[in-house]
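First up is the structure itself, then whatever we jot down about it.
The values are calculated or read from the model by the stated rules, or taken from the named source; none is laboratory data. Computed from a predicted model, the values in this text were never measured in an experiment. Positions of Cβ are backbone-derived with ideal geometry, glycine not excepted, and every protein chain shown enters the neighbour counts. Accessible surface areas use protein heavy atoms only, side chains included; no ligands, DNA or RNA. Shrake-Rupley method; radii C 1.70, N 1.55, O 1.52, S 1.80 Å.
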Amino acid sequence: MDEENIRKRKESQNGSTSNNVDSQTKDKQPAKATVLQKDVGLLSGICLIVGTMIGSGIFISPKAVLLYSGAVGPCLLIWAACGVLATMGALCYAELGTMIAKSGAEYSYLSEAFGSLVAYLYSWTTVMVLKPSSLAIITLSFAEYASIPFYPGCTPPVIVTKSLAAAAIFLIVMVNCLSVKLANYVQNVFTLAKLFIILIIVVAGMVMLAQGNTENLSNAFEGSSTSVGAIGLAFYNGLWAYDGWNQLNYITEELKDPFRNLPLAIIIGIPLVSVCYVLVNVAYFTVMTPTELLLSPAVAVTFGDRVLYPLSWIVPLFVVLSTFGSANGSCFTAGRLAYVSGREGHMVKILSYISLKRYTPAPALIFNGILASIYIIPSDINTLINYFSFAQWGFYGLTALALIVMRYTRKELHRPVKVPIFMAGLMVLVSCYLVLAPIIDKPELEYLYCTIFILSGLFLYYPFVHRKVNWARKIMRPITMHLQLLMEVVPPEKT
């Protein structure tokens, strides 16, 4: 084992640099195991779910659902139905998370149900593309709205938004590397900020309703779409806005009392988001017709200009706060996935190491931040993540299928939470549709390229994971040792 060799070398080389690091830090550390600590309570868990799910989408462009549903009534029903589906999916994850109390979410569950190969392909795709590109997109959105006030009447220069996004990534990674409690505090504060602006929008909408602005809500089903394909695409976009309901499962090992707090945070957090989404859309329709909403470049900003003037500036301010909070939550969970993958031997071992002073997975967080910074550079990053989103829903479906499979293959496992099996079956069907619908509706070569990338992980899996070739270990051993000394990180202790 790489970590055992490093420890032996530290013990044998008196006076070496690594021994100096150990001797300098030994007396400073509290007497607790070198593992990720259980610092996430119920409130922080709820804020992680809510804060990551509510990004910029509900404020900027909740238009796709209306576009495909065709009318206000079906639009609101689809938002509510997507909330129900997200809750059902999250309850399936609650069963999995309390049955297999490991961090890593889908990675741990797929490994338990289908074996190492499927789990590896998930970690390969998610660690290398999905998580860092998602962080890049969120920070680019943050940068755009943060820089708009300094460029009135024109679009901010690309170099400015990209530089600001890179600075945001650096700041978020630094916060997460310094302290889990600090990262939780940041997440809690920014989640409360976005709930505050949602409350303002909802209350303003209720006031407009009380004043009789109900024209857009009367005859709400007139002009509804009758196309099954269009309704399906409306659900696709609605469920995209709810993505993030699985975030707490990435940090199960850091939850205080996970058997209680994991399902409770899900039961509180996701219905809260669902209610917020529906009420915010109702508020929008009190001041905008469906046509005006579809033409608005930023729906919440338009709402603020019409209802909250002269305080309309608070809406873009809180959009900035909302996107920063979502980026923090995304970085927090992405680091845990890379950490667990490294611990299980599916990524380089250094990613599984923990800061000796801070008890954070610093190498995994830094690695995710570096990849996100790289993904900021190309201009078509949104296109990239759109093509890879079908893969994300494929893994969601496999995870729901894992629940069904383990009902029969792992009957001995204790299940503190047990959901009706039809919920998992429904999630499998929904996931199959969301994987196939965009490909059938508009087949493009990019989907093939994404599939080829996912399967290309097999070329790395066979020699480095399955065979564990010696020459790769010889190359990585000195690199791991020097990075370990540079970042003052150590392998996690087995508990």
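Computed values, structure above
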{"read-out": "Mean accessible surface per residue for the chain, computed with a 1.4 Å probe while every protein chain stays in place, in Å²", "value": "43 Å²"}
{"read-out": "Rounded to the nearest 20 debye, dipole of the chain from Cβ charges on Lys, Arg, Asp, Glu", "value": "1700 debye"}
{"read-out": "Cα-based Rg / Dmax (Å) for the chain", "value": "23.4, 82"}
{"read-out": "Ellipticity estimate at 222 nm from DSSP helix runs (n ≥ 4, -39,500 (n - 2.57)) divided over the chain, nearest 500", "value": "-23500 deg cm²/dmol"}
{"read-out": "Extension gain from Y433 to T214, taking 0.36 nm per residue of separation minus the Cα-Cα distance", "value": "75.3 nm"}
{"read-out": "Long-range HN-HN contacts of I354 with modeled amide H, under 5 Å", "value": "V490"}
{"read-out": "Mean-position separation - Cα centroids, the range 124-189 and the range 419-453, in angstrom", "value": "29 Å"}
{"read-out": "Full-stretch length increase - S312, K357 - with 0.36 nm per residue and alpha-carbon distance subtracted", "value": "11.8 nm"}
{"read-out": "Cβ crowding within 10 Å averaged over residues, with 62-71, 134-143 ranked highest first", "value": "134-143, 62-71"}
{"read-out": "Angle between the chain longest axis and helix 116-125 axis [Cα atoms, degrees, rounded to 10]", "value": "60 degrees"}
{"read-out": "The chain: angle of helix 2-12 to the longest principal axis, Cα-based, in degrees nearest 10", "value": "40 degrees"}
{"read-out": "Normalised contact order of the range 341-495, rounded percent, pairs of Cα under 8 Å and 6 or more residues apart", "value": "36 percent"}
{"read-out": "Unit charges on C-beta of K, R, D, E only; dipole of the range 391-495, Debye", "value": "620 debye"}
{"read-out": "Mean Cβ count within 10 Å, highest first, over the residues of peptides 365-372, 235-242", "value": "365-372, 235-242"}
{"read-out": "Portion, in percent, of the accessible area of the chain that falls on carbon or sulfur, probe 1.4 Å", "value": "66 percent"}
{"read-out": "Virtual spin-label span in nm between R407 and D305, 7 Å along Cα→Cβ", "value": "5.1 nm"}
{"read-out": "Paramagnetic reach from L486 in the range 304-333 [backbone N under 15 Å; point 7 Å along Cα→Cβ]", "value": "none"}
{"read-out": "Approximate shape of the range 347-495 as ellipsoid semi-axes (Cα gyration tensor, √5λ), whole Å, largest first", "value": "33, 25, 17"}
{"read-out": "Top positive-direction residue, dipole computed over the chain with Cβ charges, set L458, L77, V273", "value": "L458"}
{"read-out": "Karplus 3J(HN,Hα) series, Hz, for the range 267-276 with 6.51 cos²θ - 1.76 cosθ + 1.60 (x for Gly, Pro)", "value": "5, 7, x, 6, x, 4, 4, 4, 4, 4"}
{"read-out": "C-alpha long axis of helix 158-178 to longest principal axis of the chain, angle in °", "value": "50 degrees"}
{"read-out": "Volume of the Cα convex hull of the range 74-173, divided per residue and given in Å³", "value": "163 Å³"}
{"read-out": "Net charge of neighbours whose Cβ lies under 12 Å from the Cβ of S44, counting Lys and Arg as +1 and Asp and Glu as -1", "value": "+1"}
{"read-out": "Contact order relative to length of the chain, as percent, for alpha carbon pairs under 8 angstrom and 6 or more apart", "value": "32 percent"}
{"read-out": "Segments 76-87, 313-324, 206-217 sorted - mean Cβ within 10 Å per residue, highest first", "value": "313-324, 76-87, 206-217"}
{"read-out": "Spacing of the two label points (7 Å from each Cα toward its C-beta) at C154 and F170, in nm", "value": "2.6 nm"}
{"read-out": "Net length gained if the chain between L67 and S163 were fully extended (0.36 nm per residue, minus Cα distance)", "value": "31.2 nm"}
{"read-out": "Under the Karplus curve 6.51 cos²θ - 1.76 cosθ + 1.60, θ = phi - 60°, whole-Hz ³J(HN,Hα) for the range 319-329, x wherever Gly or Pro sits", "value": "5, 4, 4, 5, 5, 5, x, 5, 5, 4, x"}
{"read-out": "Of K162/K442; K63/K194; K131/K349; K357/K468, those spanning more than 27 Å from alpha-carbon to alpha-carbon", "value": "K162/K442; K357/K468"}
